[in-house]
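Colleague: Dropping the structure in here first, questions after.
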Amino acid sequence: MSAYLLIWNPRQSRPADLNDWIEAHKTGRYPIDGWSTGSRKNMRRNSRVFLLRCGLDPKGIVASGYCMEEPKTTHDDNDHAYYAEFVITATLDADQGEVLPLTTLQNDEAFSKVTWVTQNCQQIPEDVVPYLETEWQRTLSLNQKTELEYPPTTD
């Protein structure tokens, strides 16, 4: 499965509040949000995504989910970025220090193929994805969080 790194700088206005995602997860709901993929337009539906918080400490991965559609333009002449809808399946509370730390990602040899300090959405190499998934699940567990199953099962 393809996986991508989405970028979030809390100094900017997106997202307004990760707390909405956190509260949704507490009740078993799947938040859906639009996000910029920058110039990337070749992201497939159901691709795995990880949201990297940068700009302010603590820096690191704070959320994960799946792409719900291929990126599209806004048809705004002043905005040349692509955007897609994502379902968010896990969120950590960065305000409480809950992150998969950027330093871990930068210093672990398993993640050396990824440029973690970036301003653009980027694809994570396929051979790195299993290590990232393992580290993400470990981080969620350490913070007493779980990831919602996707796609949701129906009984």
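Colleague: Can you tell which of 151, 9, 90 lies farthest toward the positive end of the dipole of the chain, using +1 and -1 charges on the Cβ of basic and acidic side chains (Lys, Arg; Asp, Glu)?
Modeller: Of the candidates, 9 comes out farthest on the positive side.
Colleague: Loop only by DSSP, 14 or fewer other Cβ within 10 Å of the Cβ. Give me the trypsin sites (Lys or Arg not before Pro) in region 48-155 that pass, ordered by residue number. Don't skip to the answer; put the middle values down first.
Modeller: Details: sites: 48, 53, 59, 72, 113, 138, 145; in loops: 59, 113, 145.
Answer in residue order: 113.
Colleague: From the phi of every residue in region 47-62, what ³J(HN,Hα) in whole Hz does the Karplus formula 6.51 cos²θ - 1.76 cosθ + 1.60 yield, where θ is phi - 60° and glycine or proline is x?
Modeller: For region 47-62, the Karplus curve yields 5, 6, 10, 10, 9, 9, 7, 9, x, 10, 6, x, 9, x, 6, 10 Hz.
Colleague: For a quick check, take a GNM of the chain with Cα springs below 10 Å and name the residue from 107, 78, 46 with the largest mean-square fluctuation.
Modeller: Fluctuation is largest for 78.
Colleague: Can you tell me which of 101, 31, 130 moves the most in a GNM of the chain? Springs connect C-alpha atoms under 10 Å apart.
Modeller: Highest fluctuation among the options: 130.
Colleague: Next up: Taking only DSSP H segments of four or more residues, each worth -39500 (n - 2.57), what value at 222 nm results for the chain once the sum is divided by all its residues, to the nearest 500 deg cm²/dmol? Please list the in-between numbers first.
Modeller: Values: 3 runs with 29 residues, N = 155.
That comes out to -5500 deg cm²/dmol.
Colleague: Give the percent of DSSP beta bridges with both residues in region 3-142 that are antiparallel, rounded to the nearest 5.
Modeller: Details: 24 of 30 bridges.
Of all bridge pairs located within region 3-142, approximately 80 percent are antiparallel.
Colleague: A further question follows. In nm, to one decimal, how far is the modelled label at residue 29 from the one at residue 134, with both set 7 Å along Cα→Cβ?
Modeller: Going by the 7 Å Cα→Cβ label model, 3.6 nm.
Colleague: Under a point-charge model restricted to the Cβ atoms of Lys and Arg (+1) and Asp and Glu (-1), what is the dipole moment magnitude of the chain relative to its Cα centre, in debye to the nearest 20?
Modeller: On the way: 15 positive and 23 negative charges, 47 e Å.
That gives a dipole near 220 debye.
Colleague: Could you tell me how far the Cα centroid of region 36-50 sits from the Cα centroid of region 87-155, in Å?
Modeller: Going from one Cα centre to the other spans 16 Å.
Colleague: Translational D (Stokes-Einstein, µm²/s) of region 47-128 at 20 °C and 1.002 mPa s when Rh comes from the Kirkwood sum over C-alpha pairs? It would help to have the intermediate numbers written out before the result.
Modeller: Numbers: Rh = 14.2 Å.
Reported coefficient: 151 µm²/s.
Colleague: Picking from 102, 22, 36, whose Cα lies most toward the positive end of the charge dipole for region 3-142 (charges on Cβ: Lys, Arg +1; Asp, Glu -1)?
Modeller: The one lying farthest along the dipole's positive direction is 36.
Colleague: Put a dot 7 Å past each Cα toward the Cβ at residue 95 and residue 109; how far apart are the dots in nm?
Modeller: Roughly 4.0 nm, to one decimal.
Colleague: Please give the length that would be gained between residue 146 and residue 42 if that part of the chain were fully extended, namely 0.36 nm times their separation in residues minus their C-alpha to C-alpha distance (nm, one decimal).
Modeller: Once the chain is fully extended between residue 146 and residue 42, it gains 34.5 nm.
Colleague: To continue, here is another question. Output the relative contact order of region 1-78, whole-number percent, from Cα pairs under 8 angstrom with separation of 6+ residues.
Modeller: Numbers: 99 pairs, mean separation 28.0, N = 78.
Dividing the mean separation by the residue count of region 1-78 yields 36 percent.
Colleague: Taking only the C-alpha atoms, wrap a convex hull around the chain and report its volume per residue in Å³ as a whole number. Walk me through the numbers before you get to the answer.
Modeller: On the way: hull volume 18.4 nm³, N = 155.
Cα convex hull per residue, to the nearest whole number: 118 Å³.
Colleague: Let me ask something else. Please return the longest stretch of the chain lacking exposed loop sites, where GluC sites (Glu not before Pro) count only if DSSP places them in a loop and at most 13 other Cβ atoms lie within 10 Å.
Modeller: Values: sites that count: 126, 149.
Looking at the chain, 1-125 is the longest stretch - no exposed GluC sites (Glu not before Pro) with at most 13 other Cβ atoms within 10 Å.
Taken together, the values in this text are just the output of simple stated rules run on the coordinates, not laboratory data. None of these values were measured; they are calculated from a predicted model. Backbone-built Cβ (ideal geometry, glycine too); neighbour counts: all protein chains shown.
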